[in-house]
Amino acid sequence: MSANRHRQSPTSGGPLRSLSLHAIVVVTALFVGVPLLYGVLGGFKTTRQLSSNPIGLPSPWVPENYASILASGSFWRMLWNSTYIAVLTTVVVVAVSALAAYVFARFAFRGREALFTMFAAGLMFPFAVAILPLFVLLRMFGLLDNPLGVILPQAAFGMPMTIIILRGFFRAIPGEIEEAAILDGCSSFGFFWRILLPMARPAVATVSVLAVVNSWNQFMLPLVVFSDDSLFTIPLGVQQFQGQYATDVARVMAYIVVAMLPALGFYAVAERQLVSGLTAGAIKG
Amino acid sequence: MKTTRPRSLRLRGFTTILLFLLPALVLFFGLVVAPILLAFYASVFKWNGMRGLPTDFIGMANFTRLLADEVFLGDLWHGALLIILSVVIQLPLSLGIAMLLNQRIYGRAFFRLLFFAPYMLSEAITAVLFMMILSPTDGLANYILGWFGIDQLDWFADPSTVMMSVFIVMTWKYFGFHMILYIAGRQGIPKELTEAAQIDGATGWNVFRYVTLPLLGPTIRISVFLSVIGAIQLFDLIWIITGGGPSHSSETMAVTMFQFGFKRFQVGYASAISVVMFLISLVFAVLYQRYVMRRDLEGASTVLRDQR
């Protein structure tokens, strides 16, 4: 009997065991899901309703909080700012890193590993370490209150991860293909542009998704670069809105729920690239 | 023919290498390396950060002041506390959930999606959400505690609970990320190994303890590494929720640096904090890779050597 129990694979435990496993997962799901649900429902309440009835469904449902945010120009402007900053950051970081990763993957030259290690070491140094001198430099270049002041540093700090992932992928493409292309009269750039990049499309998609997410959620850099609130991105807008309407809790809740939607929508579309990028980055970095 | 081709390739290579690397080098040196060097330079001056370069050289005074400052020592303690809590509570939780979701559980695709969702939200959104949930007056958390007859907590407003509250928020946001890493690591373990152990009579726990866990070693070491680096640079959450308070009880190095650098205009002193953060990250990364991840990296470098 006991030998028999030991034989059981962990996937086919008894009903009690399976029940307790489910219970753990459900409790965790409540821990994660309830705050989100609380936000969504809270946005449909008035602030007074929210404090008398924090848990239940709204009664009556109050759509005004959401409606007023969606009707305000400032939210859409921030959405636009976040979007084009994310897109331009992604274009810059992927273009620059792909060129470098190509060299690191397919050319042999003295100092290559040292140079690559230097780039890879950048992975350990987040904005927090460099933000102050970065601010001084950006002020020197006149890039404060300029979207480039956010885009270029984000691209620079995104390079290590992007180069590491792309280099790994470029390496896996057989050398025979490059030789054949060059014998056919293809230049290095022609090979890179017309053969390597199209072949590496999954890896390019992965690093692009990572770059978009990082840019989208970046807070510290736009916080110091932008003082003009017409340039604000969504994270800055969230903080500003919270400061303005701190007492009107339901309204703030509606605001953050609306602010969540683009990120969650993007997650729904790009989940696979995101997960493969994060795991590849973590394992190779 | 055989001797000229590599040489022409090498010549072609040299200009290509230069041209292809140039944009990356410019961006990296201009916006990553130069700022770090500038921080080192500014850290030995008394400087209010106004235009031009600092002139009032004071040697190591900023650093001696830093090491004697209780706020900074508090920062170090808070960082260490978050690292300990992450490693002892958050990562085992992520690992456990990852193992559960690896089994045939009803709705596991949904759970995986849900648990990872908070990672997608910015820390700003997370911070504001939890300011309301953990509000001492009419937050959801106190309401739920009321069901169990537990006294209301002041959460972020009380120096004795603020770090615990921050840790709860960090766990909410980040455990799904680590879970995803562990799930990927678990899927990389060949089925034959766990099956063989089961056939040999190992219990579920023993299979986990002696087969799965050791093989997850590299993933766990990476996950710990990322947690530590994350704790060293923690800023957004704290800055938005507490600003480091009440009375510095949740302050981190990045918050102190930001206070002095951008609010009090003691840029020299704030640069010294940046330098210390840099050195802590560097020393940690080097030691960790040298002693903890050595085996994982050895594998990687043999692969490198083979391809060279």
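The values are calculated or read from the model by the stated rules, or taken from the named source; none is laboratory data. Because the structure is predicted, anything quoted here is derived from the model rather than measured. No Cβ is skipped: glycine too gets one built from the backbone with ideal geometry, and neighbour counts run over all protein chains shown.
Listed values, structure above:
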| read-out | value |
| --- | --- |
| Single residue of region B:182-196 satisfying the filter (at pLDDT 85 or above and surrounded by 18 or more Cβ atoms within 10 Å (Cβ to Cβ)) that is nearest to the other protein chains (Cβ to nearest Cβ) | B:Ala184 |
| Residues (more than 7 Å from chain A (Cβ to nearest Cβ) and touching a Pro at 6+ places or on another chain (Cβ under 9 Å)) located in region B:131-140 | B:Gly139 |
| Any hit, region A:99-120, residues being free of Cβ contacts under 8 Å to residues at least 12 places away in the same chain and within 17 Å of the chain's Cα centre (by Cα) | no |
| Options B:Phe208, B:Phe177: the member that is part of a helix (DSSP H, G or I), surrounded by 15 or more Cβ atoms within 10 Å (Cβ to Cβ), in contact (Cβ under 8 Å) with a residue 24 or more places away in the chain and within 22 Å of the chain's Cα centre (by Cα) | B:Phe177 |
| Residue in region A:268-279 that is farther than 24 Å from B:Ser223 by Cβ and more than 8 Å from every other protein chain (Cβ to nearest Cβ) present | yes |
| Qualifying position, being away from chain A (no Cβ under 14 Å), over 30 Å from B:Lys191 (Cα atoms) and surrounded by fewer than 20 Cβ atoms within 10 Å (Cβ to Cβ), among B:Leu85, B:Leu66, B:Leu73 | B:Leu73 |
| Failed item, numbered, when B:Ser94 is tested on (1) among the hydroxyl-bearing types (Ser, Thr, Tyr); (2) closer than 19 Å to A:Val27 by Cα; (3) assigned to a loop (DSSP other than H, G, I, E, B) | (3) |
| Helices (runs of 4 or more DSSP H) (entirely within region A:38-107) containing at least 2 residues that are of a type in the set (S, T, N, Q), surrounded by 13 or more Cβ atoms within 10 Å (Cβ to Cβ) and on the phi > 0 side of the Ramachandran plot | none |
| Filtered residues of region B:102-129 (kept if more than 7 Å from chain A (Cβ to nearest Cβ) and of a type in the set (A, V, I, L, M, F, W, C)) | B:Ala109, B:Phe110, B:Leu113, B:Phe116, B:Ala127 |
| In region B:36-59, the residues that are over 20 Å from B:Leu282 (Cα atoms), part of a loop (DSSP other than H, G, I, E, B) and not small (Gly, Ala, Ser) | B:Trp47, B:Asn48, B:Met50, B:Arg51, B:Leu53, B:Pro54, B:Thr55, B:Ile58 |
| Those residues of region A:152-167 which are surrounded by fewer than 24 Cβ atoms within 10 Å (Cβ to Cβ) and within 18 Å of A:Phe232 (Cα to Cα), in sequence order | A:Leu152 |
| Number of the exception - A:Glu178 against (1) in a helix (DSSP H, G or I); (2) at pLDDT 85 or above; (3) surrounded by fewer than 21 Cβ atoms within 10 Å (Cβ to Cβ); (4) over 23 Å from the mean Cα position of the chain (by Cα) | (2) |
| Filter result for the condition that a residue is assigned to a helix (DSSP H, G or I) and in contact (Cβ under 8 Å) with a residue 40 or more places away in the chain, over B:Thr194, B:Thr256, B:Thr219 | B:Thr256 |
| Residue match in region A:244-257 (condition: within 30 Å of A:Gly168 (Cα to Cα) and hydroxyl-bearing (Ser, Thr, Tyr)) | no |
| Test: residue in region A:201-208 that is within 22 Å of B:Pro118 (Cα to Cα), away from chain B (no Cβ under 11 Å) and β-branched (Val, Ile, Thr) | yes |
| Candidate set from region A:228-255 (those that are in a loop (DSSP other than H, G, I, E, B) and of a type in the set (A, V, I, L, M)); member that is surrounded by the fewest Cβ atoms within 10 Å (Cβ to Cβ) | A:Ala246 |
| Lone qualifier among B:Arg51, B:Arg12 - being surrounded by 12 or more Cβ atoms within 10 Å (Cβ to Cβ), at pLDDT below 90 and within 9 Å of chain A (Cβ to nearest Cβ) | B:Arg12 |
| Tally of residues being farther than 17 Å from B:Val286 by Cβ, part of a helix (DSSP H, G or I) and charged (D, E, K, R) across region A:109-151 | 2 |
| Test: B:Ala117 is at pLDDT below 90 and over 22 Å from A:Arg251 (Cβ atoms) | no |
| Any chance A:Thr162 is at pLDDT 90 or above, in contact with a Ser or Thr (Cβ under 6 Å, 6 or more places away or on another chain) and in a helix (DSSP H, G or I) | yes |
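Residues are listed down the side, and each one gets a yes or a no for (1) facing another protein chain (nearest Cβ under 9 Å); (2) within 20 Å of B:Leu114 (Cα to Cα):
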site	(1), (2)
A:Gly33	yes, yes
A:Leu36	yes, yes
A:Gly42	yes, yes
A:Arg48	no, no
A:Ser51	yes, no
A:Gly56	no, no
A:Val62	no, no
A:Ala67	no, no
A:Ser72	no, no
